[in-house]
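**Q** This is the structure, below, for whatever I ask next.
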Amino acid sequence: MSSSKNPSSSLHEKAGISPPEITNVAAINQIKKNRRQQPSSAELIDGILNGNITSLSRAITLVESTNPEHTAKANEVINGCLPHANKSIRIGITGVPGVGKSTFIEAFGSFLTQLGKKVAVLAVDPSSSLSHGSILGDKTRMEELVKDENAFIRPSASGDTLGGVARKTRESIILCEAAGFDTIIIETVGVGQSETAVHSMVDFFLLLKISGAGDELQGIKRGIMEMADAIVINKADGDNIKKANQAKLEFNRALHLFPPKKSNWQPKVTTCSAITKDGISEIWDTISQYFVQTNESGFFPEKRKEQNQFWMMETINEQLKLNFYNQPEIISQLEQNKKAVQNDEISPFTAAQSLLSVYFKK
């Protein structure tokens with residue numbers, strides 16, 4: 001049998017086509033140059049105050065950056081926007097996956113923009129613990145709201161923080177307020193721990209539930225119930241209306257078992273359907289009543305002050321942590337100590353103390 005290749009065979013290689021030579025080098029260099037150019041802090045601040053969405057998005061990206069070189073510039077932008085912030089209603093929305101948070105936020109946000117509100121949605125998308133990637137699909141799920149000129153949706157990867165809600169989300173609120181958004185909605189991942197972080201940065205905390213989940217009988221998770229200013233039973237449509245109303249009664253009974261809130265506000269339970277839009281206006285009425293009551297009592301401004309102090313301390317803690325892990329001496333010894341701990345050559349506490357001693361002696 002001949003070993004030569006058959007020219008008619010499908011395995012026969014044909015001569016390829018040579019790629020064309022690059023003829024417009026100047027154009028390519030100009031594109032690269034423009035990509036490298038970044039607006040100054042003053043330009044970003046000016047753009048944000050004028051309601052420029054591109055400037056707002058760039059500033060949030062800068063705030064979310066883990067590059068230490070971006071920290072100083074991000075702080076300049078935040079400080080420049082701060083005098084123009086604090087003029088919004090901040091609403092936190094949480095609920096387990098599958099409760100319909102994105103659909104609800106789209107229906108609720110569209111209702112608010114029809115009232116003349118400017119709505120910013122800061123949605124946190126869970127990141128993979130393996131690849132650290134994130135789908136960031138909220139803009140896809142909120143396809144109608146994303147086209148609304150009075151709405152801004154910013155999905156962010158959760159990273160390694162509790163539900164992705166930390167100092168960066170807090171700073172993003174300030175930037176959105178400075179850009180003229182008067183209603184800020186923060187959607188949590190709904191993993192349990194993130195609710196505490198959200199509660200510490202919003203004025204009103206809304207818990208989304210669905211009927212038939214079994215939570216009515218156990219009063220759901222006590223900590224989240226105590227934080228909630230309103231509980232909304234979603235998906236109250238079709239054959240589910242009766243079950244939703246039953247869940248509403250049982251949640252109301254559970255709420256009466258909790259001690260009074262510091263705000264003296266009695267949390268409300270209501271039902272709604274994000275699909276049919278039934279009950280959406282009643283939810284806004286509840287939130288409006290809350291703001292009237294807490295402003296008259298003085299609780300609202302006092303809570304904002306306490307939150308500012310809390311986030312000052314959180315920022316200190318986070319900066320100390322970042323500074324610790326970025327020290328060359330720590331970086332060089334950390335892996336050695338990890339291996340020593342894994343091999344039981346040293347206790348975790350001794351290893352930690354050794355690294356801290358190096359850090360404080362630098």
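**Q** What net charge do the residues around Thr276 carry, taking every other residue with its C-beta under 14 Å from that of Thr276, with Lys and Arg at +1 and Asp and Glu at -1?
**A** On the way: positive: Lys235, Lys277; negative: Glu106, Asp237, Asp239, Asp278, Glu282.
My count for the surroundings of Thr276 gives -3.
**Q** Determine the sum of side-chain charges near Ala85: Lys and Arg each +1, Asp and Glu each -1, restricted to other residues whose C-beta is under 13 angstrom from that of Ala85. Before the final figure, lay out the partial values.
**A** Working: positive: Lys87, Arg90, Arg170, Arg304; negative: Glu171, Glu177, Asp182.
Result for the local shell: +1.
**Q** Please tell me which of these pairs span more than 23 angstrom C-alpha to C-alpha: Lys87/Lys209; Lys101/Lys168; Lys209/Lys242?
**A** Lys87/Lys209
All of the numbers you see were taken from the coordinates with simple rules; none came from a lab. In this text, all values refer to a predicted model and were calculated from it rather than measured experimentally. Please note: Cβ atoms are built from the backbone with ideal geometry, for glycine as well, and neighbour counts cover all protein chains shown.
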